[in-house]
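Before any comments, here is the structure.
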Amino acid sequence: MASLAARLPDNAPGNFYVDRTCIDCDTCRRIAPEVFEQGDGHSYVRTQPDSPEGSRRALMALVACPTASIGTAQRTNASEAVAAFPETIDEDVSFCGFTSESSFGAWSYFVERPGGHVLVDSPRAAGPLLSALEERGGVRTLFLTHRDDVADHAAFHWRFGCERVLHERDIAAGTREVERRLAGDDPVALADDLLAIPTPGHTRGHAVLLYREKYLFTGDHLAWSRRRNRLVAFRDACWYSWDEQIRSMERLLDSRYRFEWVLPGHGGRHRAASPEAMRDELARCVDEMRRVR
Ligand code: SF4
């Protein structure tokens, strides 16, 4: 719970504030960019919300914050913001909110599909989220893009009996029990509409998930930069091999893979005008990656 005593001095005066426990994960800035701004290693409230919708978005950021670093000076009811998650992004794809500190606030997604619902990466196993997922039919598959974003995977497995999927190269002590291990670098069809594509680079066992040839869940492989207005990969957060990550990115340019959406764990999401437009943007990203080798 945020503490007024630890309120950062750069917050705008008013009800909402960020305290010193902020880890600068970007979640609040993605949810309510008109309220939260990046400071020096943390977020702060740049502008207090001045509308019911602005307050609702700020409260959703409060709920989603992995470290409970956002608070309100006055008693403020957050029940509507809690109930807003999972929040629809497009069609049957939603953002889970309730991010986890152990995955540095990485975003998780919920896909409601006739063949069984899918969770992409693990959010925090918060009671309201577990109940909301249960009401919507539970989780059949928990796809883990890589070792960093597994968070509360065991709690979701226990609650829903979902099959967890992770590449064998990213298995660690806490994930030895996952039900399905991917192997090698070839794509694996998990279902007619779900394709797991190994993308080593950020980690050795990183993989992305292609859904309905429209949505690509990219973990920490690929994201949209709001500042640069383009697709990017994170050179400073490449833990395994930048050259491998470039090769993985090049494989995504293959015409077999069509998608309009990039939905990452960290960084911005992006929808291109068409799969062809997305491929052009991806090609620009690959060119840039080769330049910063
Ligand atoms: S969501 Fe929380 S931890 Fe992340 S940047 Fe905002 S205040 Fe900081």
*For segment 50-72, name all the residues that are near the ligand (Cβ under 8 Å from one of its atoms) and of a type in the set (S, T, Y).*
T67, S69
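Inside segment 158-168, can you point out the residues that are surrounded by fewer than 20 Cβ atoms within 10 Å (Cβ to Cβ) and either in contact (Cβ under 8 Å) with a residue 24 or more places away in the chain or part of a helix (DSSP H, G or I) (or both)?
Filtering segment 158-168 for residues surrounded by fewer than 20 Cβ atoms within 10 Å (Cβ to Cβ) gives 158-161, 163, 168.
Passing the criteria: W158, R159, F160, E168.
Taking R181, is it touching a residue at least 12 places away in the same chain (Cβ under 8 Å), open to solvent by 20 Å² or more (accessible area, probe 1.4 Å) and in contact with a helix residue (DSSP H, G or I) (Cβ under 8 Å, 6 or more places away or on another chain)? Break it down stepwise before answering.
Details: touching a residue at least 12 places away in the same chain (Cβ under 8 Å): yes; open to solvent by 20 Å² or more (accessible area, probe 1.4 Å): yes; in contact with a helix residue (DSSP H, G or I) (Cβ under 8 Å, 6 or more places away or on another chain): yes.
Spelling it out, R181 is indeed touching a residue at least 12 places away in the same chain (Cβ under 8 Å), open to solvent by 20 Å² or more (accessible area, probe 1.4 Å) and in contact with a helix residue (DSSP H, G or I) (Cβ under 8 Å, 6 or more places away or on another chain).
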*asked:* Residues to consider are H206, H202; find the one that is touching a residue at least 60 places away in the same chain (Cβ under 8 Å) and either buried (at least 17 other Cβ atoms within 10 Å of the Cβ) or more than 24 Å from G115 (Cα to Cα) (or both).
replied: H206
*asked:* Name the single residue that is farthest from V208 (Cα to Cα) among those in segment 142-157 being open to solvent by less than 40 Å² (accessible area, probe 1.4 Å) and in a loop (DSSP other than H, G, I, E, B).
replied: A151
_Test: R75 is away from the ligand (no atom under 15 Å from the Cβ), open to solvent by 30 Å² or more (accessible area, probe 1.4 Å) and either under 25 Å from S103 (Cα atoms) or part of a loop (DSSP other than H, G, I, E, B) (or both)_ = yes
*Do we have R113 as under 17 Å from the mean Cα position of the chain (by Cα), of a type in the set (D, E, K, R) and assigned to a loop (DSSP other than H, G, I, E, B) here?*
no
_Matching residues, segment 116-141, being more than 27 Å from A189 (Cα to Cα), touching a residue at least 40 places away in the same chain (Cβ under 8 Å) and open to solvent by less than 30 Å² (accessible area, probe 1.4 Å)_ = L129, A132
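Is it the case that some residue within segment 78-92 is over 30 Å from D192 (Cβ atoms) and within 16 Å of the chain's Cα centre (by Cα)?
Start the filter on segment 78-92 by keeping residues that are over 30 Å from D192 (Cβ atoms), which leaves 78-84.
Add one more test, that the residue is within 16 Å of the chain's Cα centre (by Cα), and what stays is none.
Among the residues of segment 78-92, not one is over 30 Å from D192 (Cβ atoms) and within 16 Å of the chain's Cα centre (by Cα), which makes the answer no.
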*Can you give me the number of residues within segment 86-115 that are open to solvent by less than 10 Å² (accessible area, probe 1.4 Å) and away from the ligand (no atom under 16 Å from the Cβ)?*
6
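Scanning for something among the charged types (D, E, K, R) and touching a Lys or Arg at 6+ places or on another chain (Cβ under 7 Å), does segment 116-123 turn up at least one residue?
First, pick out the residues of segment 116-123 that are among the charged types (D, E, K, R): 121.
Adding the requirement that they be touching a Lys or Arg at 6+ places or on another chain (Cβ under 7 Å) leaves none.
The answer is no; no qualifying residue exists.
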*Sort through L62, L4, L8 and tell me the only one that's over 22 Å from R124 (Cβ atoms) and buried (at least 17 other Cβ atoms within 10 Å of the Cβ).*
L8
*How about segment 184-199: which of its residues are part of a loop (DSSP other than H, G, I, E, B) and open to solvent by 10 Å² or more (accessible area, probe 1.4 Å)?*
G184, D185, D186, P187, D192, D193
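The values are calculated or read from the model by the stated rules, or taken from the named source; none is laboratory data. Bear in mind the structure is a predicted one, so any value in this text is a computation, not a measurement. With ideal geometry, Cβ positions are generated from the backbone for all residues, glycine too; neighbour counts draw on all protein chains shown. Note: areas computed on protein heavy atoms with side chains; ligands, DNA, RNA excluded. Shrake-Rupley method; radii C 1.70, N 1.55, O 1.52, S 1.80 Å.
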